[in-house]
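First up is the structure itself, then whatever we jot down about it.
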Amino acid sequence: MFATRLVAAGMVVLGLMVPALAQEREVLGWGRLASNDATGDGQDRWRTGSYSLSLLRGPEWTGTLPTQPGAILEYRLRAEAIAPESLTKANPADRRYVGALSFGLHSHFDLRGYEAAVGLDVIVTGPQSGISAIQERLHAALDLPKPTVTANQIGNDSHLMLSGELGRNIALSGTATLRPFVAAQLGGETLLRMGADVTLGRFGHGGLMLRDPVTGQRYRGVRGETVPGLSLVAGADVARVWDSLYLPASGVGVEPIRSRARIGVHWQGAKADVFGGLTWLGPEFQGQREGQVLGSVGLHIKF
């Protein structure tokens, strides 16, 4: 029932986007975020590394979301490496290696006072994604042991994933904001998530924020206020997970409850801004003995 409703809702919204696709649009901004456990717990395992790059186009940005789905479009490219605990010792009780490359089209709009986002991604897995080859070359360049578990990685395939999020900013004070949200995914990973983020400072005010699928960290897609200063961000969420292409039925079982907690600092300058954050990810598969910590970094420079 949940999956059926999500598909129906997604198709309706994507259908509503069609009239807006003919509108004149301009580049509104770029969003980018790199996450890796090398800057977290340093273990080179599980959700070991990912990179998100987004291009946002639409009518001139006025500081608020349009009410028309499709007026603002996000073209998203993501690359991710998922690994077992050891890259050189196979363990049937651990998750298999995954190299995933995804291409997506998402829309951000105002839905009766709520910030809404919906999109569709094509996920390419296996050696054809090129992710395992990149990691092998990186290990060779750094004189690290060659990964051998890539020989048993999730095979070449492609999948569709429909995703959406609904959130609302609640002002707690002049510089503090609470943003509860609900999100859902169907396809690559089928889940329903609830959580909240808190911002202390002006980070994101008047701009368009994006959410990283792995860590949940929010990063800037369209520039808003440029008041110099520091902001502290924190958040947490919990998800009910039904299925994951990254954990096939022939391997270890999916952990049905998935939790995340995150914190970060954003520095805004006159022509540049930098974000750094840490995220704790709870176990994602049955038998995973502990969670892990990822570090995330984002940088924008205005020339």
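Table for the structure above
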| quantity | calculated |
| --- | --- |
| For residue 47, residues with placed amide H under 5 Å, excluding near neighbours | 83 |
| Helix axis angle, 131-141 relative to the chain longest principal axis, alpha carbon, degrees | 70 degrees |
| Charge tally in the Cβ shell below 10 Å around residue 235, where Lys, Arg are +1 and Asp, Glu are -1, residue 235 excluded | +3 |
| Compactness of the range 2-301 - radius of gyration and Dmax, Cα, Å | 19.0, 54 |
| Relative packing of 243-253, 276-286, which averages over residues the other C-beta atoms within 10 Å, highest first | 276-286, 243-253 |
| On Cα atoms only, tilt of 2-17 relative to the major axis of the chain in degrees | 50 degrees |
| Kirkwood hydrodynamic radius of the range 16-95, from inverse mean 1/r over distinct Cα pairs, in Å | 15.5 Å |
| 14 Å tail of the calculated P(r), the range 60-121, as % of Cα pairs | 66 percent |
| Aspartates and glutamates with Cα under 19 Å of residue 302, excluding same-chain neighbours fewer than 8 positions away | 26, 60, 225, 273 |
| C-alpha center-to-center spacing [the range 274-303, the range 200-221] in angstrom | 14 Å |
| Residue exposure sequence - 154, 134, 72 - by fewest surrounding Cβ within 10 Å | 134, 154, 72 |
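Every number in this text was worked out from the coordinates using simple rules, so none of it is lab data. Keep in mind that this is a model prediction, so the values were computed, not measured. When we count neighbours, we look across all protein chains shown, and the Cβ atoms used for this are built from the backbone with ideal geometry, even at glycine.
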